[in-house]
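The values are calculated or read from the model by the stated rules, or taken from the named source; none is laboratory data. All figures in this text were calculated on a predicted structure; none of them were measured in a lab. Don't worry about glycine lacking a Cβ; one is built from the backbone with ideal geometry, like all the others, and counts go over all protein chains shown. Protein only, heavy atoms only, side chains kept; ligands, DNA and RNA dropped before computing areas. Shrake-Rupley method; radii C 1.70, N 1.55, O 1.52, S 1.80 Å.
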Amino acid sequence: MTARAHERTDFHWRLACLVVALAAALLLCVPRASAQATVLEVISLKYRTAEQVIPMIQPMLRPGGSISGLQNQLIVRTTPDNHEEIRRILAGVDTLPRQLVITVRQDADGDSGRRAAEISGSVRIDDSVRITVPGTIDSRAPHIGAGADRDGVRARIIDTRRAESDRNLQTVQVLEGNAAFIRIGQSVPVPRREVVQTVIGGQVVSRVVDSVEYRDVASGFNVLPRITGDRVTLDINPQHDTLNRQMPGAVNVQRVATTVSGRLGEWIEIAGLAQQNSHDQSVLLGRSSASGTDNRRVLLKVEEAR
């Protein structure tokens, strides 16, 4: 190899080393350049809170970006082009919330009935023998009979029907995206009797203690509405308590917890309950039966306040 050829080979080798070194330096500078391109910006919101918009902005951040905030201030760290994208999204999100009117209707319909028929009476066979079949149903029931006061046959018939209906309607106004709560009711005194045992002089002494405790009977709901176009999604927990007329001191409790979606202005049924019960009993020369139904529904409607 001549001296000229040796110099040419050495030059090419030095040039290749220089290219490799420059490429390595550029690769090392790329992350640093990207980091330097990250910009911190504080964005003031007009109508929404940071807690409301952060879940919508978070998925739009570029890798390495961050977002936080408090009340109406957002703190965003990301690239300049990502900042522009976030501002465009906020322009469509940070708008004046709509005023909503939420109506909850809780219906309860009950029907109960009782039917009974019985034959009773007393028949004398002779002066020393009398056959008596006592009555067991209500003596105030209508009856037909034959014979004297002490002798004769009587037939008693009972046929009663009772229907109850309860309509509870409550309305509340709330801004979309905010929670609302409404509840009305009363505290009802309930008599209570209990037996208290104490030890006196080595003996257990029992005494009856009467007291009164109060039970809350309330109706209402708490709700969180979210609007998308003409559809609304609600997290709602309605309740409706009523006094039990057949059992003094008892309270009928109705509770629902659910998430539903529907169109604005339409009634949405969120819960329903239908119960039916019956009872038959045979007595001497008679028969009685009782039946009842209990139907409950919970509906709601969301409208935009005008």
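Give me the net charge for the shell around R192: Cβ to Cβ below 11 angstrom, other residues only, Lys and Arg +1, Asp and Glu -1.
Working: positive: R193, R215; negative: E194, D210, E213.
It works out to a net charge of -1.
I need the phi-derived Karplus couplings for the range 256-270: 6.51 cos²θ - 1.76 cosθ + 1.60, θ = phi - 60°, integer Hz, Gly and Pro marked x.
9, 9, 7, 10, 10, 9, x, 8, 4, x, 10, 6, 10, 7, 9
With a 1.4 Å probe and every protein chain kept in, tell me what percent of the accessible surface of the range 48-122 is carbon plus sulfur. Could you put the intermediate results ahead of the total?
On the way: 2120 of 3690 Å².
Heavy-atom surface of the range 48-122 belonging to carbon and sulfur, 1.4 Å probe: 57 percent.
When the accessible area of the range 197-306 is split by element with a 1.4 Å probe, what percent falls to carbon and sulfur?
Working: 3250 of 7020 Å².
Answer for the range 197-306 is 46 percent, counting heavy atoms of protein chains only.
Restricting attention to the alpha-carbon atoms of the range 166-224, what are Rg (one decimal) and Dmax (integer), both in Å?
So, for the range 166-224, Rg and Dmax equal 22.2, 69 Å respectively.
So what's the net charge close to Q99: Lys and Arg +1, Asp and Glu -1, counting the other residues with Cβ under 13 Å from its Cβ?
Working: positive: R98, R306; negative: E176, E303, E304.
Taking every other residue near Q99 into account, the sum is -1.
Grab the other residues whose beta carbon is less than 15 angstrom from that of R48, score K and R as +1, D and E as -1, and report the net. Provide the component values of the computation, followed by the final result.
Details: positive: K46, R87, R98, R226; negative: E51, D94, E176.
Residues close to R48 contribute a combined charge of +1.
Counting only Cα, what are the radius of gyration and maximum Cα-Cα distance Dmax of the range 167-282, in Å?
Values for the range 167-282 (Cα only, Rg and Dmax): 22.5, 78 Å.
Any chance you could look up the accessible area of S289 with a 1.4 Å probe, heavy atoms only, rounded to 10 Å²?
Accessible area of S289: about 40 Å².
Send over a whole-number figure in Å² for the accessible area per residue of the range 219-306, probe 1.4 Å. Let's see the in-between values first.
Numbers: 5160 Å² over 88 residues.
The answer is 59 Å² per residue.
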